[in-house]
Amino acid sequence: MTGQVEDRREDWEGPVPVPTGSTAPFWAGTLEGELRYQECECGHRQLYPRAICTACGAEDPPFEASEGVGTIYTYTVCHVPGEPGFGDRVPYVVGAIDLAEGPRLLALLDADPDDLEIGAAVGVAFWQVSEEAAIPVFVPE
Ligand SMILES: [Zn+2]
């Protein structure tokens, strides 16, 4: 499954990710609507991407495509912007999402806070914010 990629380059004022060596495959995937995590030969799965496996230390764990679905582990409604560029976005919601494949990641939840609950199913979408990157956001299913 792939998530929808929306072009937000005109109105995005938040931080823009800069792909580096170990994160480049991840960000390349986001432009195609694909959420990629790393699965090491030792069986450990991780996201966000790192140059080494956090479980066994192996270098450059290979990437796999996530189904892009998960559940809300927890979330918080931010009334004070944590980033200067988010000033006109408050209140916004940041959630810890447990992907179906296991890794947990922090991401924006694109939803009305009143519509959210812990344990609810969410799916990934992407906001393209540069030529190089789209930010994964989650929406209730
Ligand atoms: Zn490993």
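Under the criterion of Cα pairs below 8 Å and six or more residues apart, the relative contact order for segment 1-131 equals 30 percent. Put simply, the amide H of V137, placed in the peptide plane, has neighbours under 5 Å in A125, F126, W127, leaving out anything fewer than 5 places away on its chain. The GluC sites (Glu not before Pro) found in segment 31-139 that occupy coil by DSSP, while having at most 10 further C-beta atoms within 10 Å, are E41, E117, E131.
Taking Cβ separations below 4.7 Å as the criterion for a possible disulfide partner, the isolated cysteines in the chain are C78.
A Förster radius of 25 Å combined with the Cβ-Cβ distance from V139 to E59 puts the calculated FRET efficiency at roughly 0.10.
Whole-percent P(r), the chain, all Cα pairs, 10 Å bins from 0: 12, 40, 37, 10, 0.
Think of it as helices only: each DSSP H run of n ≥ 4 in the chain is worth -39500 (n - 2.57), and spread over all residues that comes to -1500 deg cm²/dmol at 222 nm.
Read the figures in this text as sums done on the coordinates, not as results from a lab. This one's a predicted model, so the numbers in the text were calculated from it and none came from an experiment. Every residue, glycine among them, receives a Cβ derived from its backbone with ideal geometry; neighbour counts consider all protein chains shown.
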